[in-house]
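For reference, the structure discussed in these notes is given below.
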Amino acid sequence: MSLLELEGVTAHYGHLQALSELSLELPAAETLAVIGANGAGKSTLLALVSGELRPTRGRVLFQGRDVTSHPPHRRVSDGIALVPEGRHLFESLTVEENLLVGAASRRKGHFDLGAVYELFPFVRERRRNRAGQLSGGEQQAVAIGRALMANPVLLLLDEVSLGLAPVVVRDLYVALRRIVEEGTTLLLVEQDLTQALEIADQVLCLLEGTVVLRAEPSSLDEATVTAAYFGRARATSPAAGAPGPSGG
């Protein structure tokens, strides 16, 4: 049984259809990287899984249970936590206060303040600073730490690398690998293809709200990814018709 399943999900923002009959499976303790051009539906997918958006058709299953109607706070209790694009920290609160916000719906598990500080030592050093005083990379680390404080089974990450220097992105991805080693499942939306392909067990490419490519990173080359981004893989890629990113 997969940890996360989407069954024929269609989603709209008003009259605009953002996802069309999308299905996927994500096994526990694996990382799925979702790629695609701007407007492809990547953030909408995370909104569906986190409970911020409900599908107009289809179901969201988590650990075998239908959670389609569960609101965001219930999804956190279920074991799903989101690191949103843009971080959305409370800038007037200290770093540590922001982390403790994430513990409001805390489940039993490995991650607490000590574990987050071990993962991000520079966050410990700045724990008394206000979040608004941090650099972009430091804020991203705090946002990841805040999500981990809930001890999620599934961690959703929206554009980890956005606006950050390459060296900062590399450090963040080192931390993400450690999070995976702790047994957390990752669903990652990312524009930095190099980092996404290095960490992912499976890659899914969206175009105009539909899946145009599913594959293992080792099977992909630049031409295949480029074709998927621009739609040339829609009719030709055998992976586009695969049963799910689990490969099974």
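The values are calculated or read from the model by the stated rules, or taken from the named source; none is laboratory data. Note that the structure is predicted; figures quoted are calculated from it, not measured. A quick note on method: Cβ atoms are made from the backbone with ideal geometry, for glycine too, and the neighbour counts reach across all protein chains shown.
Of note:
- The one condition in (1) more than 25 Å from residue 12 (Cα to Cα); (2) touching a strand residue (DSSP E or B) at 6+ places or on another chain (Cβ under 8 Å) that residue 205 fails to fulfil: (1)
- Of the helices (runs of 4 or more DSSP H) lying entirely inside the range 86-168, those carrying at least 1 residues that are closer than 27 Å to residue 37 by Cβ are 136-148.
- Selection status of residue 132, closer than 20 Å to residue 162 by Cα, touching a helix residue (DSSP H, G or I) at 6+ places or on another chain (Cβ under 8 Å) and touching a residue at least 12 places away in the same chain (Cβ under 8 Å): no
- Residues that are over 24 Å from residue 1 (Cα atoms) and at pLDDT below 95 do occur in the range 180-190.
- Qualifying residue in the range 230-245 (condition: buried (at least 20 other Cβ atoms within 10 Å of the Cβ), part of a helix (DSSP H, G or I) and either of a type outside the set (A, V, I, L, M) or modelled with pLDDT under 95 (or both)): yes
Yes/no per residue for (1) modelled with pLDDT of 95 or more; (2) within 24 Å of residue 216 (Cβ to Cβ):
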{"site": "26", "(1), (2)": "yes, yes"}
{"site": "36", "(1), (2)": "no, yes"}
{"site": "55", "(1), (2)": "yes, no"}
{"site": "94", "(1), (2)": "yes, no"}
{"site": "98", "(1), (2)": "yes, no"}
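- Some residue of the range 157-177 being closer than 20 Å to residue 9 by Cβ and touching a helix residue (DSSP H, G or I) at 6+ places or on another chain (Cβ under 7 Å): yes
- Complete set of residues in the range 110-135 that are touching an Asp or Glu at 6+ places or on another chain (Cβ under 9 Å) and of a type in the set (Gly, Ala, Ser): 115, 131, 132
- Cβ separations smaller than 6 Å between residues 6+ apart or across chains give the following pairs from the range 64-81 residues that are among the polar types (S, T, N, Q) to residues that are surrounded by fewer than 19 Cβ atoms within 10 Å (Cβ to Cβ) and part of a helix (DSSP H, G or I): 77/105.
- Residue that is surrounded by fewer than 17 Cβ atoms within 10 Å (Cβ to Cβ), of a type in the set (Ser, Thr, Tyr) and under 25 Å from residue 136 (Cβ atoms), where the choices are 92, 77, 69: 92
- Any hit, the range 95-106, residues being in contact (Cβ under 8 Å) with a residue 40 or more places away in the chain, crowded, with 17+ Cβ neighbours inside 10 Å, within 22 Å of the chain's Cα centre (by Cα) and within 28 Å of residue 211 (Cβ to Cβ): no
- Residue selected from the range 1-37 under the condition aliphatic (A, V, I, L, M), in contact with a helix residue (DSSP H, G or I) (Cβ under 8 Å, 6 or more places away or on another chain) and not in a strand (DSSP E or B), by the criterion nearest to residue 161 (Cα to Cα): 37
- Long-range neighbours under 7 Å by Cβ, at least six apart or interchain, first residue acidic (Asp, Glu) within the range 41-57, second modelled with pLDDT of 95 or more: 52/72
Residue-by-condition table, conditions (1) over 21 Å from residue 179 (Cβ atoms); (2) more than 14 Å from the chain's Cα centre (by Cα):
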residue	(1), (2)
2	no, yes
7	yes, yes
20	yes, yes
32	no, no
46	no, no
60	yes, yes
66	yes, yes
81	no, no
87	no, no
